[in-house]
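Single-structure report; data block below.
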Amino acid sequence: MPRQTSLDTRRLRIFACAPRRALARIAVALVAPLGLGGPLGSVASGPALAQSASPGLPIPGFWDPKRRPERPDLRLTLIRFMSEVDYPPFNYAGPDGNPAGFNVDLARAICDELKVACTVQMRRFDTLIDSLAENRGDAAIASISVSAETRKKVDFSDPYYRPVARFAAKRNAGLDTVLPERVEGKKIAVVAGTAHEAYLRALFTEAELKPYSTPEEARAAL
């Protein structure tokens with residue numbers, strides 16, 4: 001069962017975006033200089049570097065540490081960031097009700113680097129792009145995928161993090177390596193309608209897929 005089956009196709013890559021004007025370059029120019037490396041904070045441009053936290057345990061990297069984009073000349077005194085309401089650990093309301101999470105911290109770090117004031121407001125995910133068009137904010141930092149349709153409305157930064165899916169099995173299953181031929185005829189639980197289901201159907205054609213409505217149901221099945 002993929003570890004992150006709660007992600008749907010819109011959440012495969014995480015971006016900051018802004019209306020189609022100069023402000024859209026904020027995150028492009030600052031994520032790398034801020035030194036955000038590793039699986040979460042990353043810029044997916046340049047070679048993908050393999051890092052290692054311990055011997056024999058490679059950790060994927062998606063940014064080039066030598067890349068140093070030019071600092072933007074924005075002439076701004078305030079950036080109004082918008083983020084999603086409830087998608088922990090990236091966006092959520094903290095104990096005091098204020099915005100919290102990885103994306104919120106990143107937005108504030110960008111403002112610190114630019115030496116400008118920063119506000120972060122929380123909105124429903126499906127309203128973020130429309131809110132940008134209505135000038136309710138200057139940039140959205142959330143799980144917004146790049147598509148032909150969204151590119152018509154906003155500009156995107158480089159992706160700075162990508163989730164990595166995993167298979168999970170019982171300890172006595174004997175699956176030290178998950179390859180299509182190793183799981184032939186076995187049942188694989190997956191959340192229906194996700195990119196993970198599409199991946200399994202395309203590559204694990206001899207396995208028996210068991211789609212479920214939620215990650216909780218899939219885990220319970222395991």
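Overview of results
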| quantity | calculated |
| --- | --- |
| Residues satisfying the stated conditions in segment 155-181, i.e. of a type in the set (Phe, Trp, Tyr) and open to solvent by less than 60 Å² (accessible area, probe 1.4 Å) | PHE156, TYR160, TYR161 |
| Meets criteria (charged (D, E, K, R), touching a strand residue (DSSP E or B) at 6+ places or on another chain (Cβ under 7 Å) and either open to solvent by 60 Å² or more (accessible area, probe 1.4 Å) or at pLDDT 85 or above (or both)) for ARG151 | no |
| Complete set of residues in segment 163-183 that are over 16 Å from ALA220 (Cα atoms) and touching a residue at least 40 places away in the same chain (Cβ under 8 Å) | PRO163, VAL164, ALA165, ARG166 |
| 1 or more residues touching a Lys or Arg at 6+ places or on another chain (Cβ under 7 Å) and under 14 Å from MET82 (Cβ atoms): qualifying helices (runs of 4 or more DSSP H) within segment 104-222 | 128-133 |
| Failed criterion for ALA117 (all others in (1) touching a helix residue (DSSP H, G or I) at 6+ places or on another chain (Cβ under 8 Å); (2) surrounded by fewer than 16 Cβ atoms within 10 Å (Cβ to Cβ); (3) touching a residue at least 60 places away in the same chain (Cβ under 8 Å) hold) | (3) |
| Residue within segment 99-111 that is touching a Leu at 6+ places or on another chain (Cβ under 6 Å) and not polar (S, T, N, Q) present | yes |
| Close pairs (9 angstrom Cβ cut-off, 6 or more residues apart or separate chains): more than 18 Å from VAL164 (Cα to Cα) in segment 184-196, open to solvent by less than 20 Å² (accessible area, probe 1.4 Å) and modelled with pLDDT of 90 or more anywhere | GLU184/PHE204; GLU184/ALA207; GLY185/ALA207; LYS186/ALA207; LYS187/ALA207 |
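The values are calculated or read from the model by the stated rules, or taken from the named source; none is laboratory data. Here the structure is a predicted model, which means the values were calculated and not measured. Glycine gets a Cβ as well: all are built from the backbone with ideal geometry, and neighbour counts include every protein chain shown. Heavy atoms of the whole protein, side chains included, go into the accessibility calculation; ligands, DNA and RNA do not. Shrake-Rupley method; radii C 1.70, N 1.55, O 1.52, S 1.80 Å.
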